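The values are calculated or read from the model by the stated rules, or taken from the named source; none is laboratory data. From a predicted model like this one, the values you see are computed outputs, not experimental measurements. In this analysis, Cβ positions are derived from the backbone assuming ideal geometry, glycine residues included, and neighbour counts consider all displayed protein chains. Heavy atoms of the whole protein, side chains included, go into the accessibility calculation; ligands, DNA and RNA do not. Shrake-Rupley method; radii C 1.70, N 1.55, O 1.52, S 1.80 Å.
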Amino acid sequence: MTELTSAITGYWDAAADAFDDEPDHGLRADHTHAAWERLLRAWAPSRPADILDVGCGTGSLSALLAAAGHRVTGVDLSPRMVERARAKLADAGLTGRFLVGDAAVPPVGGERFDMLLCRHLIWTLPDPHAALRGWVARLRPNGRLVLIEGRWGEAGQAGQPYVTGAESLPWGFGVTAADLADAVRPLVADVRIEPLSDDPDLWGRPVSDERYALIAHL
(Lines give C-alpha, C1' and ligand atoms only; values in the text may rest on other atoms or scores of the structure.)
Protein backbone atom coordinates (compact mmCIF):
# COMPACT_ATOMS: atom_id res chain seq x y z
CA MET A 1 0.00 0.00 0.00
CA THR A 2 1.43 3.38 -0.99
CA GLU A 3 1.60 6.29 1.45
CA LEU A 4 -1.18 8.05 -0.46
CA THR A 5 -3.39 4.95 -0.47
CA SER A 6 -2.82 4.52 3.25
CA ALA A 7 -3.80 8.15 3.86
CA ILE A 8 -6.96 7.78 1.76
CA THR A 9 -7.90 4.58 3.61
CA GLY A 10 -7.44 6.32 6.94
CA TYR A 11 -9.53 9.28 5.85
CA TRP A 12 -12.52 7.14 4.87
CA ASP A 13 -12.18 4.86 7.90
CA ALA A 14 -12.41 7.96 10.08
CA ALA A 15 -15.40 9.21 8.07
CA ALA A 16 -17.35 5.94 8.18
CA ASP A 17 -19.28 6.46 11.43
CA ALA A 18 -20.76 9.79 10.29
CA PHE A 19 -20.89 9.04 6.58
CA ASP A 20 -24.60 8.28 6.48
CA ASP A 21 -25.45 11.63 8.07
CA GLU A 22 -25.21 13.17 4.61
CA PRO A 23 -28.66 12.91 2.97
CA ASP A 24 -27.39 11.31 -0.25
CA HIS A 25 -25.18 8.85 1.65
CA GLY A 26 -27.57 7.44 4.24
CA LEU A 27 -30.75 7.88 2.16
CA ARG A 28 -32.67 8.18 5.42
CA ALA A 29 -35.27 10.63 4.15
CA ASP A 30 -38.08 8.93 2.26
CA HIS A 31 -37.92 11.31 -0.71
CA THR A 32 -34.14 10.89 -1.08
CA HIS A 33 -34.40 7.12 -0.78
CA ALA A 34 -37.17 7.08 -3.40
CA ALA A 35 -35.25 9.34 -5.77
CA TRP A 36 -32.18 7.08 -5.83
CA GLU A 37 -34.33 3.96 -6.00
CA ARG A 38 -36.07 5.35 -9.09
CA LEU A 39 -32.79 6.10 -10.85
CA LEU A 40 -31.19 2.76 -10.06
CA ARG A 41 -34.22 0.87 -11.30
CA ALA A 42 -33.97 2.80 -14.58
CA TRP A 43 -30.23 2.21 -14.97
CA ALA A 44 -30.00 -1.43 -13.86
CA PRO A 45 -31.05 -4.46 -15.92
CA SER A 46 -34.74 -5.26 -15.68
CA ARG A 47 -34.03 -8.85 -14.65
CA PRO A 48 -31.91 -9.97 -11.65
CA ALA A 49 -28.29 -9.31 -12.56
CA ASP A 50 -24.77 -9.51 -11.15
CA ILE A 51 -23.75 -5.96 -10.17
CA LEU A 52 -20.39 -4.71 -8.91
CA ASP A 53 -20.55 -1.57 -6.76
CA VAL A 54 -17.02 -0.11 -6.61
CA GLY A 55 -16.34 2.38 -3.86
CA CYS A 56 -19.53 1.15 -2.21
CA GLY A 57 -19.07 3.09 1.02
CA THR A 58 -21.69 2.12 3.59
CA GLY A 59 -23.68 0.18 1.02
CA SER A 60 -26.72 2.40 0.55
CA LEU A 61 -26.88 1.96 -3.23
CA SER A 62 -25.96 -1.71 -2.89
CA ALA A 63 -28.95 -2.11 -0.58
CA LEU A 64 -31.30 -0.54 -3.12
CA LEU A 65 -30.02 -2.88 -5.82
CA ALA A 66 -30.27 -5.93 -3.57
CA ALA A 67 -33.83 -4.98 -2.64
CA ALA A 68 -34.63 -4.90 -6.37
CA GLY A 69 -33.49 -8.51 -6.66
CA HIS A 70 -29.96 -8.05 -7.98
CA ARG A 71 -26.88 -9.99 -6.82
CA VAL A 72 -24.58 -7.30 -5.50
CA THR A 73 -20.86 -7.30 -4.77
CA GLY A 74 -19.50 -4.18 -3.10
CA VAL A 75 -15.83 -3.18 -2.88
CA ASP A 76 -14.31 -0.43 -0.77
CA LEU A 77 -10.79 0.43 0.35
CA SER A 78 -12.01 1.27 3.84
CA PRO A 79 -12.56 -1.68 6.20
CA ARG A 80 -14.86 0.47 8.34
CA MET A 81 -17.05 1.32 5.36
CA VAL A 82 -17.27 -2.36 4.46
CA GLU A 83 -18.25 -3.25 8.03
CA ARG A 84 -21.09 -0.76 7.89
CA ALA A 85 -22.22 -1.97 4.47
CA ARG A 86 -22.39 -5.56 5.66
CA ALA A 87 -24.35 -4.54 8.74
CA LYS A 88 -26.73 -2.35 6.72
CA LEU A 89 -27.78 -5.15 4.40
CA ALA A 90 -27.95 -7.73 7.19
CA ASP A 91 -30.17 -5.44 9.26
CA ALA A 92 -32.48 -5.01 6.26
CA GLY A 93 -32.63 -8.76 5.63
CA LEU A 94 -30.83 -8.36 2.30
CA THR A 95 -28.05 -10.39 0.74
CA GLY A 96 -24.84 -8.83 -0.53
CA ARG A 97 -21.14 -9.60 -0.69
CA PHE A 98 -18.71 -6.90 0.46
CA LEU A 99 -14.95 -6.99 0.00
CA VAL A 100 -12.17 -4.80 1.31
CA GLY A 101 -9.94 -3.79 -1.57
CA ASP A 102 -8.91 -1.18 -4.10
CA ALA A 103 -11.99 -0.20 -6.09
CA ALA A 104 -9.73 0.62 -9.03
CA VAL A 105 -8.65 -3.03 -9.13
CA PRO A 106 -11.56 -4.91 -7.54
CA PRO A 107 -10.48 -8.16 -5.82
CA VAL A 108 -12.97 -10.34 -7.70
CA GLY A 109 -10.58 -12.51 -9.70
CA GLY A 110 -11.92 -13.43 -13.10
CA GLU A 111 -15.57 -12.73 -12.29
CA ARG A 112 -17.59 -10.73 -14.79
CA PHE A 113 -20.67 -8.62 -14.13
CA ASP A 114 -23.73 -7.36 -15.97
CA MET A 115 -23.30 -3.87 -14.53
CA LEU A 116 -20.61 -1.91 -12.73
CA LEU A 117 -21.75 1.01 -10.57
CA CYS A 118 -19.50 3.74 -9.20
CA ARG A 119 -20.66 6.82 -7.30
CA HIS A 120 -18.40 9.73 -6.34
CA LEU A 121 -15.17 7.74 -6.40
CA ILE A 122 -13.23 8.65 -9.53
CA TRP A 123 -11.92 11.89 -8.02
CA THR A 124 -10.01 9.84 -5.39
CA LEU A 125 -8.14 7.62 -7.89
CA PRO A 126 -4.44 8.06 -8.70
CA ASP A 127 -4.97 6.65 -12.22
CA PRO A 128 -8.63 6.98 -13.21
CA HIS A 129 -8.00 6.06 -16.86
CA ALA A 130 -6.48 2.71 -15.85
CA ALA A 131 -9.41 2.12 -13.50
CA LEU A 132 -11.92 2.76 -16.30
CA ARG A 133 -10.16 0.27 -18.56
CA GLY A 134 -10.15 -2.31 -15.79
CA TRP A 135 -13.80 -1.79 -14.98
CA VAL A 136 -14.88 -2.23 -18.59
CA ALA A 137 -12.85 -5.45 -18.73
CA ARG A 138 -14.92 -6.79 -15.83
CA LEU A 139 -18.19 -6.43 -17.73
CA ARG A 140 -19.89 -9.19 -19.67
CA PRO A 141 -20.87 -8.68 -23.31
CA ASN A 142 -23.68 -6.10 -23.45
CA GLY A 143 -22.79 -5.05 -19.92
CA ARG A 144 -23.30 -1.52 -18.67
CA LEU A 145 -21.18 1.00 -16.81
CA VAL A 146 -22.92 3.54 -14.55
CA LEU A 147 -20.74 6.34 -13.19
CA ILE A 148 -22.34 8.95 -10.92
CA GLU A 149 -19.90 11.82 -10.78
CA GLY A 150 -19.47 15.57 -10.62
CA ARG A 151 -17.12 18.51 -10.43
CA TRP A 152 -16.61 19.81 -6.87
CA GLY A 153 -14.06 20.06 -4.04
CA GLU A 154 -13.87 17.78 -1.01
CA ALA A 155 -12.65 19.47 2.18
CA GLY A 156 -11.16 21.91 -0.24
CA GLN A 157 -13.48 24.44 -1.79
CA ALA A 158 -10.47 26.71 -1.28
CA GLY A 159 -8.35 24.30 -3.30
CA GLN A 160 -6.76 22.31 -0.45
CA PRO A 161 -6.23 18.56 -0.96
CA TYR A 162 -8.31 16.40 1.35
CA VAL A 163 -5.33 14.26 2.41
CA THR A 164 -1.61 14.85 2.12
CA GLY A 165 -0.53 13.87 -1.38
CA ALA A 166 -4.00 14.22 -2.91
CA GLU A 167 -2.84 17.23 -4.88
CA SER A 168 -1.35 14.70 -7.31
CA LEU A 169 -4.74 13.14 -8.11
CA PRO A 170 -5.66 13.90 -11.76
CA TRP A 171 -9.34 14.54 -11.01
CA GLY A 172 -8.92 15.52 -7.38
CA PHE A 173 -11.79 18.04 -7.40
CA GLY A 174 -14.08 16.01 -9.61
CA VAL A 175 -14.43 15.60 -13.35
CA THR A 176 -16.78 17.25 -15.82
CA ALA A 177 -19.24 15.16 -17.79
CA ALA A 178 -17.50 16.11 -21.02
CA ASP A 179 -14.07 15.00 -19.78
CA LEU A 180 -15.36 11.72 -18.35
CA ALA A 181 -17.30 10.95 -21.53
CA ASP A 182 -14.13 11.56 -23.57
CA ALA A 183 -12.27 9.06 -21.37
CA VAL A 184 -14.98 6.37 -21.52
CA ARG A 185 -16.08 6.66 -25.15
CA PRO A 186 -13.12 4.74 -26.70
CA LEU A 187 -13.83 1.80 -24.36
CA VAL A 188 -17.54 1.21 -25.03
CA ALA A 189 -20.19 1.12 -27.73
CA ASP A 190 -22.25 4.10 -26.56
CA VAL A 191 -22.29 6.77 -23.86
CA ARG A 192 -25.03 9.05 -22.59
CA ILE A 193 -25.09 11.66 -19.84
CA GLU A 194 -27.99 12.32 -17.47
CA PRO A 195 -27.73 15.65 -15.59
CA LEU A 196 -28.53 15.28 -11.89
CA SER A 197 -27.89 18.74 -10.45
CA ASP A 198 -31.47 19.93 -10.85
CA ASP A 199 -33.09 17.32 -8.59
CA PRO A 200 -32.66 18.38 -4.94
CA ASP A 201 -34.34 15.18 -3.76
CA LEU A 202 -31.19 13.29 -4.75
CA TRP A 203 -28.92 15.41 -2.56
CA GLY A 204 -31.20 16.50 0.25
CA ARG A 205 -30.83 20.12 -0.82
CA PRO A 206 -30.41 22.24 -3.94
CA VAL A 207 -26.89 22.06 -5.43
CA SER A 208 -25.14 24.40 -7.82
CA ASP A 209 -22.18 22.30 -8.94
CA GLU A 210 -22.15 19.85 -11.85
CA ARG A 211 -23.53 16.41 -10.96
CA TYR A 212 -24.48 13.77 -13.48
CA ALA A 213 -24.62 10.10 -14.37
CA LEU A 214 -22.72 8.60 -17.27
CA ILE A 215 -24.33 5.42 -18.60
CA ALA A 216 -22.37 3.35 -21.10
CA HIS A 217 -22.97 0.00 -22.80
CA LEU A 218 -20.51 -2.41 -24.31
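So here's what we get for this one:
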{"item": "Positions within segment 33-59 being polar (S, T, N, Q) and closer than 19 Å to Ile122 by Cβ, in sequence order", "result": "Thr58"}
{"item": "Search result, residues across segment 1-55 that are in a helix (DSSP H, G or I), of a type in the set (Gly, Ala, Ser) and under 20 Å from Asp199 (Cα atoms)", "result": "Gly26, Ala34, Ala35, Ala42"}
{"item": "Scope segment 33-74; condition among the acidic types (Asp, Glu) and open to solvent by less than 10 Å² (accessible area, probe 1.4 Å); matching residues", "result": "Asp53"}
{"item": "Any chance Pro106 is open to solvent by 40 Å² or more (accessible area, probe 1.4 Å), under 30 Å from Ala34 (Cβ atoms) and modelled with pLDDT of 95 or more", "result": "no"}
{"item": "Of the criteria (1) open to solvent by 40 Å² or more (accessible area, probe 1.4 Å); (2) in contact with a Leu (Cβ under 8 Å, 6 or more places away or on another chain), which one Leu77 fails", "result": "(2)"}
{"item": "Selected residue (criterion: farthest from Trp12 (Cα to Cα)) from residues of segment 166-198 that are open to solvent by less than 60 Å² (accessible area, probe 1.4 Å) and assigned to a loop (DSSP other than H, G, I, E, B)", "result": "Val188"}
{"item": "Conditions (1) open to solvent by 10 Å² or more (accessible area, probe 1.4 Å); (2) within 14 Å of the chain's Cα centre (by Cα): number failed by Ala90", "result": "(2)"}
{"item": "Subset of segment 47-96 (residues that are among the charged types (D, E, K, R) and under 21 Å from Val136 (Cβ atoms))", "result": "Asp50, Asp53, Arg71, Asp76"}
{"item": "Top-ranked residue of segment 109-124 - restricted to ones that are in a loop (DSSP other than H, G, I, E, B) and either at negative phi or of a type in the set (D, E, K, R) (or both), ranked as most open to solvent (accessible area, probe 1.4 Å)", "result": "Arg112"}
{"item": "Selection from segment 199-209 of residues that are open to solvent by 70 Å² or more (accessible area, probe 1.4 Å) and farther than 15 Å from His31 by Cα", "result": "Ser208"}
